[in-house]
Amino acid sequence: MKFLSILTAMFLPLAVITTPVPESNDVAVLKALAIQNSPAKSAVEARDAEAEAVGLVDRNGSTGWWSCDIVGVSTTVNCRLRPRTNSAVVKKVPGTTNNISFFCYSNCENIEGNTSWDWTGDWGDGGCYISGHYTDSTCSRANLGPCPWNDC
């Protein structure tokens, strides 16, 4: 038994030293950068310069933030913490809301044949998702591009 304790004491520090350090591109950092660079908080030129400085590149011609409207609902749409209906609601958005800034989309739960969930940094500490079923055609996959993180 003492031998096992000695071996554990010898090799445990080695395991800790060899554990990889998380890279700076984790979800929280990427979302924070996206929120920090939203049009409401800085000019487009400043956003582009900061994005290039951290190694982000243009996604298939996307310019980053897209202003879209909520459509196809007369009451409210839930903006959720994660891109699925069982996730916490961050904000209830009226169906007549216009000009919401969306940054990217994630493929997740299917809502009426649409698996795209559009992410906005407008509400909540880490932003939130609205199903692509409820956003207008400006928020297409081609315009937004995929989110550089995976919340699904």
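The values are calculated or read from the model by the stated rules, or taken from the named source; none is laboratory data. Keep in mind the model is a prediction, meaning the values are calculated, not measured. With ideal geometry, Cβ positions are generated from the backbone for all residues, glycine too; neighbour counts draw on all protein chains shown. Note: areas computed on protein heavy atoms with side chains; ligands, DNA, RNA excluded. Shrake-Rupley method; radii C 1.70, N 1.55, O 1.52, S 1.80 Å.
Using a/c under 1.5 as the rounded threshold, could you call region 92-152 rounded, prolate or oblate? The axes a ≥ b ≥ c are square roots of the C-alpha gyration tensor eigenvalues, and prolate needs a/b larger than b/c, oblate otherwise.
rounded
Starting with the highest mean, order 119-130, 135-146 by the number of other Cβ atoms within 10 Å, averaged over the residues of each peptide.
In descending order of packing, they fall as 119-130, 135-146.
Tell me the per residue accessible area of region 70-123 using a 1.4 Å probe; a whole number in Å² is fine. Intermediate values should be presented prior to the final figure.
Values: 2570 Å² over 54 residues.
Per residue, region 70-123 has 48 Å² of solvent-accessible surface.
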